[in-house]
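Some notes on the structure that comes next.
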Amino acid sequence: MHFKYTVYNRENKVSKGSLTAADQEAAVTLLEQAGYRILSLHQSRTIAIEEVLPSLFTVKKSDVIMFSRRLAMLMGKGIRFLVALRLVREQVRNRLFRKRIDAMIAAVESGSAFSESVAVYPDIFPKVYHNMMRIGEKTGQLENVLAEVAKNMEDEDASLKKIRSAFIYPGVILCMGIVTVIIMITTVLPSMSDLFSRFNAELPLPTRITLAVSQFLTDNWLYLLGGILAAGLALIWYSRTTSGKYYLEKLILTVPVIGRLLFLRNLQQFSRVIVILFSAGISITEVFETAELGVSSEIIRRELRKIPRSLSQGYGLAQSMHESSVFPSMLIQMVVSGEETNTLESSFQALSAHYDFEFNQSLATFTSLLQPVLIAVVGLLIGFVAISAMLPMYSMFDVIF
């Protein structure tokens, strides 16, 4: 619920504002805990469209990145946290995000920790963000943690954009090629086959194959479309389950080239998260307990759950990771070196830089190879259909002449 208030602030001056609370009693508590004397408090009658239809007004990841960067920058200049939070709020243009920050400010003013205030909005701040803020508050390094989290989110966003852009152009080529082939075999060839049949010309094998495909598509297009939609929806649903993520990821990892890209992407993300957690100054056990939340790979998440148990039993980190088949030998050797020289953080920094470079190089190579391969495949398909249309003409010439 939204409330508008008029109060005497701590400087004994009249101040007006608005806040979000569960009910009026909770709003009164928030204002009193903030040190205000309430003059008036009433529920706001204005219904904001972003509150009625929040799904239409999402907060972008770029908004959260900028929010974190600005907050870290202001704190680095010695500005008090609440003042910095209010200043950042004034720079936010997204209406829904501004309202959420207003509620966070009210919560912090009432005595809640910043990490607790972000935990209320998991649709904006993922669970790993909440845990990182909690660690930053616990270790007194909130400013550094905010900056590192923002950098990591920015790097992740850049990686995802590279992956999307790598598939956009080949995807367009493939779709255009498929549409062209479908139009040719469902409209052009059938009309030509009627002409051929009038001359009793025997159709060549490629033409008969193409016409059979055309007839099948024409007779069953509704069932095919329904089947594709049903299969797509079922796959989307399954991919959102924990077991679905795990088994689909295992399947993709077996695919040549694409599996290698996913493997490097997983290691890139894992090493980045570990670097951030080590920079926060927490124990190795807590690092790997929290790292699970920041990794999207279900395979790596399952392996990370085993490591804290192994560490608590007295095993070293390298030994704990060696028991898993997920982590490559080079990564484990770097961990061994880091443990022996007490430089685990720098070892993971080197690994992060290495996997960043290797992933970007592999993605660039894959993209440069994918485009000509797809062009060749589409060209062969269109060429086959074109040949299927041209071959009967020679049979017609034999019949006529």
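The values are calculated or read from the model by the stated rules, or taken from the named source; none is laboratory data. Keep in mind the model is a prediction, meaning the values are calculated, not measured. Glycine also receives a Cβ, built like all others from the backbone with ideal geometry; neighbour counts cover every protein chain displayed.
What the table below lists for this structure:
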item	result
Complete set of residues in segment 337-353 that are of a type in the set (S, T, N, Q), farther than 15 Å from GLY281 by Cα and exposed (fewer than 15 other Cβ atoms within 10 Å of the Cβ)	THR341
Hits in segment 1-42 (condition: within 41 Å of the chain's Cα centre (by Cα), in a strand (DSSP E or B), exposed (fewer than 13 other Cβ atoms within 10 Å of the Cβ) and at pLDDT 75 or above)	HIS42
Which listed residue, of SER325, SER347, is hydroxyl-bearing (Ser, Thr, Tyr) and not in a helix (DSSP H, G or I)	SER325
Residue match in segment 65-77 (condition: over 15 Å from LEU146 (Cα atoms) and loosely packed, with under 14 Cβ neighbours inside 10 Å)	no
Hits in segment 85-109 (condition: free of Cβ contacts under 8 Å to residues at least 60 places away in the same chain and of a type in the set (A, V, I, L, M, F, W, C))	LEU85, LEU87, VAL88, VAL92, LEU96, PHE97, ILE101, MET104, ILE105, VAL108
Criterion violated by SER347 - all others in (1) out of contact with any helix residue (DSSP H, G or I) (no Cβ under 6 Å at 6 or more places or on another chain); (2) at pLDDT 90 or above; (3) small (Gly, Ala, Ser) satisfied	(1)
Enumeration of residues in segment 350-382 that are out of contact with any helix residue (DSSP H, G or I) (no Cβ under 7 Å at 6 or more places or on another chain) and hydroxyl-bearing (Ser, Thr, Tyr)	THR365, SER368
Leading residue by the ranking (surrounded by the fewest Cβ atoms within 10 Å (Cβ to Cβ)) among those in segment 281-336 that are under 18 Å from VAL145 (Cα atoms) and of a type in the set (Gly, Ala, Ser)	SER283
Members of segment 127-173 found to be buried (at least 17 other Cβ atoms within 10 Å of the Cβ) and part of a loop (DSSP other than H, G, I, E, B), listed by number	GLN141
Those residues of segment 297-322 which are under 28 Å from the mean Cα position of the chain (by Cα) and not in a helix (DSSP H, G or I), in sequence order	SER297
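Every residue, every condition in (1) in contact with a Lys or Arg (Cβ under 9 Å, 6 or more places away or on another chain); (2) without any contact (Cβ under 8 Å) to a residue 60 or more places away in the chain, yes or no:
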{"position": "VAL83", "(1), (2)": "no, yes"}
{"position": "GLY111", "(1), (2)": "no, no"}
{"position": "GLU116", "(1), (2)": "yes, yes"}
{"position": "VAL145", "(1), (2)": "no, no"}
